[in-house]
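A quick write-up on the structure given underneath.
Each value in this text was obtained by applying a stated rule to the coordinates, not by laboratory testing. Remember, it's a predicted structure, so these values are computed and weren't measured experimentally. A quick note on method: Cβ atoms are made from the backbone with ideal geometry, for glycine too, and the neighbour counts reach across all protein chains shown.
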Amino acid sequence: MTLNEITYTINGCAMKVHNTLGNGFQEVIYQRCLALEFKEAGLSFARELEHAIYYHGTHVGTRRADFVVEEKVIVEIKAVIELKDVHLAQAKNYVVAYDKPVGLLINFGSKSLQFKKIFNPKYNQVNS
């Protein structure tokens with residue numbers, strides 16, 4: 001699958017979850033439902049994959065992305081009324097830290113499902 005096909009499938013899964021549940025639940029509920037939809041769609045994924053963070057060669061902590069899908073796409077889930085710049089910055093940091101070409105920030109908390117696609121500047125997006 002191309003990156004565009006993967007992200008299209010992920011977005012479709014998220015729409016199914018949001019259409020069924022609506023807004024108002026905690027992130028973990030949406031995460032569990034999204035995992036079920038990913039399985040049904042035949043996507044391979046890792047949930048809450050831990051990744052070490054280094055600063056000048058020193059391990060300073062770990063982060064967990066909500067999902068890594070098809071080993072190419074970071075998916076970060078939010079359940080907030082309005083996405084803020086800090087949410088976008090977090091998702092971009094995950095894309096770069098995990099060294100993946102693209103990420104999706106998906107917000108289930110608003111009345112309408114929100115998607116933001118984030119690109120890792122390291123990768124050439126022409127061949128997605």
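Compute the long axis of helix 3-21 from its Cα atoms, compare it with the longest principal axis of the Cα atoms of the chain, and write down the angle in degrees, 0 to 90, nearest 10. That helix lies at roughly 40 degrees to the long axis.
Normalised by the number of residues in the chain, the mean separation of alpha-carbon contacts (under 8 Å, six or more apart) gives a relative contact order of 23 percent. Computed from Cα atoms, the angle from the helix 27-41 axis to the main principal axis of the chain rounds to 90 degrees.
The C-alpha atoms of the chain define a longest principal axis, and helix 85-97 lies at about 50 degrees to it. Charge dipole of the chain (Cα centre as origin; +1 on each Lys and Arg Cβ, -1 on each Asp and Glu Cβ, all else neutral): 180 debye, rounded to the nearest 20.
Take the Cα of K116, step 7 Å along the line toward its Cβ, and report every residue of the range 41-77 whose backbone nitrogen sits under 12 Å from that point. Answer for this model: 76-77. On full extension, the segment bounded by N11 and V96 gains 28.5 nm, given 0.36 nm per residue less the C-alpha separation. Computed log10 I(q)/I(0) for the chain at 0.12, 0.20 Å⁻¹: -0.43, -1.16, from the Debye equation with unit scatterers placed on every C-alpha and solvent omitted. Can you work out the PRE-style zone for L36? Point 7 Å along Cα to Cβ, and I want the residues of the range 48-85 with backbone N under 19 Å. Answer for this model: 48, 67, 77-79.
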